[in-house]
Amino acid sequence: MWERVERIPDAELWRSHERRREHLIAFVRERLRLQFARRGMSMADIARVEEILDPGALTIGFARRFATYKRATLLFRNQERLIKLLASRDRPLQFIFAGKSHPRDDGGKRYIQDIIQFCKREDVRLRMVFLEDYDMNVARYLVQGVDVWLNTPRRPMEASGTSGMKGPINGAINLSILDGWWAECYRDNPSSGWAIGTEQEYNNDEYQDHMDSEALFELLEKEVIPEFYERGADGLPRRWITRMKQSMSSVCSYFNTARMVREYWEKFYNPADHLCVQLLAQHAAGAKELAAWKTHVSEEWGKVWVFDVKAGNDAPMKAGTTLDVEAHVSLGPRTPEEVDVELYYGPLDAGGNIAAAALMPMTNSQTEPRKPPEFPIHIYTGKIVGHTCGQQGFAVRVLPKHGKIPLRMEPGLIKWS
């Protein structure tokens, strides 16, 4: 069904979207009249609401809970650059902000105050607004009418970010930090929107905000705005419409509640139901056996050790070559069948930590018996293929394994080299 989006006539899709933007601007103006009246503003100021926002201008929306990590004011780090974009006559840009903070989140409240104060500036007020009393009705108009949905959380704080999934079904395009669901979507289809910066994380929040702010302005100035105003002889922004269709088909076909519920059923609810039946059979014999196993493993996990890890080559490697790794492991009274031994590896970030790690199972290639009460030494081997350039790191880890544990991390036990 979603492949049929490509067959929607460009002119029909664009005119429909333009009508939704016009409805949004009309709605925003009506809300602003009510806001201005509550503030006791003059009738002259209320009458000037009709000048606010341009129904034909590139419109970016930001509407969500005003938690500080969502960085609603990331744009304001370079106000001179922002005002220059807002003041453009040839390629006008405008923003609509909305949202609420938690009553005890003073930082979020300050963000709202800063935005409202900035929107009052005479050189800004026609191109940037903040809608008060954010509710489902405001959200509906925004996701239906904006051209771009902006999301600027500080990585890796975003749990999901579902507001960005609602815009594409209405033709909006995501402009977002690579976090939450957008990191997955953008990797699969970069043509569906824009990624602000990279997945690089910095230990200094101030520096992180600076880098992300610069990346956001670069995208606005060099890609987003030019693509929106690049029109053919028929007045249609063909490249923009192509991106709209990519956004609609790639986001809506996968990032939806139907798929989510199906995966929960297939991966969790249904297997859990079958496991429950097995554990409760024969007067809960399976549950008793599993409980006893967990008790024994927890009591004896301190006897598990990883030592004498050897890498087959200390010299610099070329991308695509293989590194052989050998680890000597003591499992205490446990057997190799009761554990998973793995290589945990990947590129190193600025702090020397393994980022975007991959896993590779290691094989028990040899066992060296010891005289009691010493436990045998198990020799595990594995290979790492260096797919990318740059500094790489690896570690060996051991986890307990049991056929009736659906999630490997459930026992809460792990041993690192």
Please go through the stretch 63-88 and give me each residue that is out of contact with any Gly (no Cβ under 6 Å at 6 or more places or on another chain), part of a loop (DSSP other than H, G, I, E, B), of a type outside the set (Lys, Arg) and open to solvent by less than 20 Å² (accessible area, probe 1.4 Å), ordered by number. Ala72
Breaking point among (1) open to solvent by less than 40 Å² (accessible area, probe 1.4 Å); (2) under 25 Å from Gly346 (Cα atoms); (3) not hydroxyl-bearing (Ser, Thr, Tyr), for His387: (1)
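Filter the stretch 1-30 for residues that are of a type in the set (Lys, Arg) and either surrounded by 12 or more Cβ atoms within 10 Å (Cβ to Cβ) or over 30 Å from the mean Cα position of the chain (by Cα) (or both) and give the result. Working first, answer last.
Of all residues in the stretch 1-30, those of a type in the set (Lys, Arg) come to 4, 7, 15, 19-21, 29.
Across the stretch 1-30, the qualifying residues are Arg15, Arg19, Arg20, Arg21, Arg29.
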Leu53 fails exactly one of the following numbered conditions: (1) in a helix (DSSP H, G or I); (2) crowded, with 20+ Cβ neighbours inside 10 Å. What is the number of that condition? (1)
Number of positions in the stretch 244-267 that are touching a residue at least 12 places away in the same chain (Cβ under 8 Å), part of a helix (DSSP H, G or I) and open to solvent by 40 Å² or more (accessible area, probe 1.4 Å): 3
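Among the residues of the stretch 88-95, are any of a type in the set (Gly, Ala, Ser) and over 19 Å from Gly161 (Cβ atoms)? Write out each step before concluding.
Pass one, the stretch 88-95, residues of a type in the set (Gly, Ala, Ser): 88.
After this cut, where a residue has to be over 19 Å from Gly161 (Cβ atoms) as well, the list is 88.
Within the stretch 88-95, one or more residues are of a type in the set (Gly, Ala, Ser) and over 19 Å from Gly161 (Cβ atoms).
Can you tell which of Val341, Val385, Val398 is out of contact with any helix residue (DSSP H, G or I) (no Cβ under 6 Å at 6 or more places or on another chain), touching a residue at least 60 places away in the same chain (Cβ under 8 Å) and either within 30 Å of His296 (Cα to Cα) or not β-branched (Val, Ile, Thr) (or both)?
On the way: Val341 fails: touching a residue at least 60 places away in the same chain (Cβ under 8 Å); Val385 fails: either within 30 Å of His296 (Cα to Cα) or not β-branched (Val, Ile, Thr) (or both).
Unique residue meeting the criteria: Val398.
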Tally time: how many residues in the stretch 292-334 are under 20 Å from Ile405 (Cβ atoms), in contact with a His (Cβ under 9 Å, 6 or more places away or on another chain) and open to solvent by 50 Å² or more (accessible area, probe 1.4 Å)? 2
Only one of these is polar (S, T, N, Q) and either at positive phi or within 32 Å of the chain's Cα centre (by Cα) (or both): Thr367, Thr335, Thr388. Name it. Thr388
Looking for whichever is of a type in the set (Ser, Thr, Tyr) and open to solvent by less than 30 Å² (accessible area, probe 1.4 Å) here; the options are Tyr344, Tyr380. Which one fits? Tyr380
With the checklist (1) at pLDDT 95 or above; (2) part of a helix (DSSP H, G or I) in hand, flag the one item Ile60 doesn't pass. (2)
I'm trying to understand the selection: among the residues of the stretch 89-103, which are touching a residue at least 40 places away in the same chain (Cβ under 8 Å) and either in a loop (DSSP other than H, G, I, E, B) or open to solvent by 60 Å² or more (accessible area, probe 1.4 Å) (or both)? Asp90, Arg91
From the set of residues in the stretch 104-134 that are open to solvent by 60 Å² or more (accessible area, probe 1.4 Å) and among the basic types (Lys, Arg), which is farthest from Gly145 (Cα to Cα)? Arg104
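Go through the stretch 348-377 and give me each residue that's small (Gly, Ala, Ser), free of Cβ contacts under 8 Å to residues at least 60 places away in the same chain, loosely packed, with under 12 Cβ neighbours inside 10 Å and within 25 Å of Pro316 (Cα to Cα).
Our first condition is that a residue be small (Gly, Ala, Ser); within the stretch 348-377, this holds for 350-352, 355-358, 365.
Narrowing further to those that are free of Cβ contacts under 8 Å to residues at least 60 places away in the same chain: 352, 357-358, 365.
If we keep only those that are loosely packed, with under 12 Cβ neighbours inside 10 Å as well, we get 352, 365.
Of everything in the stretch 348-377, just one residue is small (Gly, Ala, Ser), free of Cβ contacts under 8 Å to residues at least 60 places away in the same chain, loosely packed, with under 12 Cβ neighbours inside 10 Å and within 25 Å of Pro316 (Cα to Cα), namely Gly352.
Taking the conditions exactly as written (of a type outside the set (A, V, I, L, M, F, W, C), more than 29 Å from Gly235 (Cβ to Cβ) and out of contact with any helix residue (DSSP H, G or I) (no Cβ under 8 Å at 6 or more places or on another chain)), does Arg33 satisfy them or not? Give the steps one after another, and end with the answer.
Details: of a type outside the set (A, V, I, L, M, F, W, C): yes; more than 29 Å from Gly235 (Cβ to Cβ): yes; out of contact with any helix residue (DSSP H, G or I) (no Cβ under 8 Å at 6 or more places or on another chain): no.
Judged against the criteria, Arg33 is not a match.
The values are calculated or read from the model by the stated rules, or taken from the named source; none is laboratory data. Quick caveat: nothing in here was measured; it's all calculated off a predicted structure. With ideal geometry, Cβ positions are generated from the backbone for all residues, glycine too; neighbour counts draw on all protein chains shown. Accessible surface areas use protein heavy atoms only, side chains included; no ligands, DNA or RNA. Shrake-Rupley method; radii C 1.70, N 1.55, O 1.52, S 1.80 Å.
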